[in-house]
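Only one structure is covered here, and it is reproduced in the block below.
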Amino acid sequence: MPSPRRRSRSLRIVYKKLPGGRLTIHYHKKKPSKAQCAGCGRALAGVPRERPYKMRNLPKTMKRPERMFGGIFCTVCSRRKLKDMVRK
């Protein structure tokens, strides 16, 4: 039976194979939910689902798409926003 700190539904079980061929159980925190568009709430493409300590180590170009409003609005909402800005 796992120790009390491991008996949590917030941790996911990962089976790791050791060099000796034995399987052990490792416990990892679950990934966060997908980033959402500020306009429509749709899941953002090109934004990784990682824990904050992994996101810190990623280069800036891999954290969000390299376009205007990348990582904030989805493609549909960003196009709409750009069109509205040009029309004004």
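Quick look at the values:
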quantity	calculated
Sequence-distant residues sharing a close amide H with Gln36 (under 5 Å, placed H)	Leu44
Segment Leu82-Arg64, length gained on full extension (0.36 nm per residue, minus Cα span)	4.7 nm
Eligible lysines near Lys54 by straight Cα distance, threshold 17 Å, same-chain separation 8 or greater	Lys29, Lys30, Lys31, Lys34, Lys63
Cβ crowding within 10 Å averaged over residues, with 25-38, 51-64 ranked highest first	25-38, 51-64
Lone cysteines, the chain (no partner Cβ under 4.7 Å)	Cys40, Cys77
Nearest 10 degrees, 0 to 90: helix 75-87 Cα axis against the chain principal axis	20 degrees
Correct option for Kirkwood radius over Cα pairs in Å [calculated from the coordinates] among [x] 17.0; [y] 16.3; [z] 13.1	[y]
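Every number here is computed from the coordinates shown, using simple stated rules; none is lab data. Just so we're clear, the structure is a prediction, and the values are computed from it rather than from any experiment. Using ideal geometry, Cβ is built from the backbone for each residue, glycine included, and neighbour counts are taken over all protein chains shown.
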